[in-house]
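Engineer: Quick one: the structure is below, and I'll ask about it shortly.
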Amino acid sequence: MATSATSTEAPSEESLYPIAVLIDELRNEDVQLRLNSIKKLSTIALALGVERTRTELIPFLTDTIYDEDEVLLALAEQLGTFSTLVGGPEHVYVLLRPLESLATVEETVVRDKAVSSLRYICKEHSAEDLEQHFVPLVKRLAVGDWFTARTSASGLFANCYKRLSVSTKTELRAYFRSLCQDDTPMVRRAAASKLGEFAEEVELEYLKSDLVPIFNALAGDEQDSVRLLAVKACVCLANLLPKEDKEALVMPTLRQSYEDKSWRVRYMVADSFIELQKAVGEEITRTDLVPAYQALLKDVEAEVRAAAAGKLKDFCQNLDKETQETVIMNSILPCVKELVTDGNQHVKSALAGVIMGLSPILGKENTVSHLLPLFLNQLKDECPDVRLNIISNLDCVNEVIGITQLSQSLLPAIVELAEDSKWRVRLAIIEYMPLLAGQLGVEFFNQSLSKLCMTWLVDHVFAIREAATNNLRKLVEKFGHEWADTHVIPKITSMSRDGNYLHRLTCLSCINVVGEVCGKELTTKMLLPTVLGLSQDNVPNVRFNVAKTFQIIGTHIDKECLIPQVKPVLVRLTEDPDIDVRFFASEAYAEMAPLFV
């Protein structure tokens, strides 16, 4: 590569070295080596200085864009951070040419990264440079021969539009319109996905005259993949248009969308329903969106019903307060009652996750009369996820009607989940147990669920035993030391005499977590004798876990018992025949040595 000499001295070999190394590495057959060299570009640019980076490095990179996709991706990412390395805003336009080339390649992720870098460095351009360098690039991409260039162009309009002259803005709106009318569906999709962000930059008068017709055309496109993207644009347009224009300019197209023949378009409407609701306002919601929501809840496709069901709580909360209860009771609840017995478990599960949120809105009387039967029905559902979702959201109902009315039907559902053949279901209900404990209160918990929590400690799946052990800690923290003394410690003590050594190990795990929250008195009087007894267990695994337990609970044992009781046991274990027992005992003794002083 040629270099320009200054008037005083020719460039030294040392100054040419970074470019030479880069050229060699970029021509290497090893892709990883080429990738590493691209990732070091900023270092090379610093070594070259801003002028040589502009005049040598950037042209060289532009001429060598033919590599593997992962190398091109790294290059597109690096160039987005090169502003200061080429001399700042005054010279940032030199980065446009290589990024333009990258924005036309076949691989989507490379194009997306190149567009992302172009959007970033667009901010660095002055208004004059935008007109002179950036806008011509956008125009070239917008009329490119390959669809790849035209899809990339769609993402660049919004970033530069605000700072352009009136005539250039008019040109850009025309270019954007042509992309939205492109013969290639991929280009129309790209343009539809960027319509909303472009609309946010365009002046209101042109929003109505230019972009709304484009939106209507995209919403009626023959490709459902284009129509569904128009739904997202609809949210932006509805937010931007004045109240009086929403009904005339947006709603006719939106009505078509939630009745679209393609389930994917209807799914997108259901998925975006809360954003649409907020954008159109309470009046249009009452007249148009309530019937639309009813239709989506009754849709023939399960995916659409599930998406709509998941929005139930938010949709009802955002309704006009004056008519909220009436609309829910008369229009929404009948549809919800059908969904409770829906044939698709995803629909029922989505509904179960949000239906409890209606209780605070409807109040105690309506909850008891209309919602409670639905909750109880879902608590008996054959799908574990439905029952779990109901149980995990009980606090909403508890605040409104109290737990008493739920408890009789709640208990059988919990017991059934707790004994489910799938261990992941059992694991999930264990994780909800502290939450339930707080809602049910200690009395009900002792009567109905305390025994269940202890049963999990001897489950045949380790993950369940481990979760049940951690669950004990949370319960002791919630219910206090006296409760632990009465309901937990006797069970732990009995496990130490179990014939299955795994249960004896679980006993030690329980002591590890409970001993830290029970207080010194209970730990010393009740738990320490159990650990001392297990120190003579015939299974080495149990004995070395005794040593580890001493490490954990040592600071929670009264000092008067440490030297006469714990120290001799640890000394004996350091001389144990088993090497692992000796190792862990020695480790425990070394850590606890300060306590024995």
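The values are calculated or read from the model by the stated rules, or taken from the named source; none is laboratory data. Because the structure is predicted, anything quoted here is derived from the model rather than measured. As a convention, Cβ positions derive from the backbone with ideal geometry for all residues, glycine included, and neighbour counts pool all protein chains shown.
So that you can scan it fast, the table gives a plain yes or no per residue for (1) modelled with pLDDT of 90 or more; (2) of a type in the set (A, V, I, L, M); (3) under 28 Å from Leu562 (Cα atoms):
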{"position": "Ala437", "(1), (2), (3)": "no, yes, no"}
{"position": "Asn446", "(1), (2), (3)": "no, no, no"}
{"position": "Leu457", "(1), (2), (3)": "no, yes, no"}
{"position": "Ser494", "(1), (2), (3)": "no, no, yes"}
{"position": "Tyr501", "(1), (2), (3)": "no, no, yes"}
{"position": "Glu516", "(1), (2), (3)": "no, no, yes"}
{"position": "Lys525", "(1), (2), (3)": "no, no, yes"}
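Engineer: How many residues does region 155-174 contain that are of a type in the set (Ser, Thr, Tyr), under 21 Å from Tyr93 (Cα atoms), part of a helix (DSSP H, G or I) and out of contact with any Lys or Arg (no Cβ under 8 Å at 6 or more places or on another chain)?
Structural biologist: Within region 155-174, residues that are of a type in the set (Ser, Thr, Tyr), under 21 Å from Tyr93 (Cα atoms), part of a helix (DSSP H, G or I) and out of contact with any Lys or Arg (no Cβ under 8 Å at 6 or more places or on another chain) number 1.
Engineer: Could you please give the count of residues in region 180-192 that are surrounded by fewer than 18 Cβ atoms within 10 Å (Cβ to Cβ) and assigned to a helix (DSSP H, G or I)?
Structural biologist: Adding up the residues that qualify gives 2.
Engineer: What do you reckon, is Arg177 modelled with pLDDT of 90 or more, more than 27 Å from the chain's Cα centre (by Cα) and in a helix (DSSP H, G or I)?
Structural biologist: Spelling it out, Arg177 is indeed modelled with pLDDT of 90 or more, more than 27 Å from the chain's Cα centre (by Cα) and in a helix (DSSP H, G or I).
Engineer: Also: Within region 202-286, which helices (runs of 4 or more DSSP H) (wholly inside it) include 2 or more residues that are of a type outside the set (Val, Ile, Thr) and either closer than 30 Å to Met329 by Cβ or without any contact (Cβ under 8 Å) to a residue 12 or more places away in the chain (or both)?
Structural biologist: Because the criterion is at least 2 residues that are of a type outside the set (Val, Ile, Thr) and either closer than 30 Å to Met329 by Cβ or without any contact (Cβ under 8 Å) to a residue 12 or more places away in the chain (or both), the helices (runs of 4 or more DSSP H) in region 202-286 that meet it are 224-240, 243-249, 251-258, 263-271, 273-280.
Engineer: To continue, here is another question. Give region 102-134 a look and list any residue that's in contact with a helix residue (DSSP H, G or I) (Cβ under 9 Å, 6 or more places away or on another chain), among the aliphatic types (A, V, I, L, M) and surrounded by fewer than 16 Cβ atoms within 10 Å (Cβ to Cβ), or say none.
Structural biologist: The one that is in contact with a helix residue (DSSP H, G or I) (Cβ under 9 Å, 6 or more places away or on another chain), among the aliphatic types (A, V, I, L, M) and surrounded by fewer than 16 Cβ atoms within 10 Å (Cβ to Cβ): Val109.
Engineer: Still on this structure: Being of a type in the set (Lys, Arg) and surrounded by fewer than 16 Cβ atoms within 10 Å (Cβ to Cβ) is the filter here; which residues of region 302-336 pass it?
Structural biologist: Selection gives Lys321 alone.
Engineer: Looking at region 254-297, which of its residues are closer than 14 Å to Ala219 by Cβ and surrounded by fewer than 21 Cβ atoms within 10 Å (Cβ to Cβ)?
Structural biologist: Arg255, Gln256, Glu259, Asp260, Lys261, Ser262, Arg264, Ser272
Engineer: Scan region 90-135 residue by residue and report those that are touching an Asp or Glu at 6+ places or on another chain (Cβ under 9 Å), under 24 Å from Val166 (Cβ atoms) and modelled with pLDDT of 85 or more.
Structural biologist: Residues satisfying the conditions are Tyr93, Leu118, Val135.
Engineer: Residue check: is Thr81 closer than 21 Å to Arg150 by Cβ and assigned to a loop (DSSP other than H, G, I, E, B)?
Structural biologist: no
Engineer: When both residues are 6+ apart or on different chains and their Cβ atoms are under 9 Å apart, which pairs have a first residue that lies in region 134-154 and is assigned to a loop (DSSP other than H, G, I, E, B), and a second that is of a type outside the set (S, T, N, Q)?
Structural biologist: Val143/Ala149; Val143/Arg150; Val143/Ala153; Val143/Tyr175; Gly144/Arg150; Gly144/Ala153; Trp146/Glu106
Engineer: Would you please name the residue that is farthest from the chain's Cα centre (by Cα), looking only at residues in region 55-78 that are of a type in the set (Ser, Thr, Tyr) and assigned to a loop (DSSP other than H, G, I, E, B)?
Structural biologist: Thr64
Engineer: Starting from residues that are surrounded by fewer than 17 Cβ atoms within 10 Å (Cβ to Cβ) and not acidic (Asp, Glu), keep the ones in region 377-396 and report whichever is nearest to Asp420 (Cα to Cα).
Structural biologist: Filtering region 377-396 for residues that are surrounded by fewer than 17 Cβ atoms within 10 Å (Cβ to Cβ) and not acidic (Asp, Glu), the one nearest to Asp420 (Cα to Cα) comes out as Cys383.
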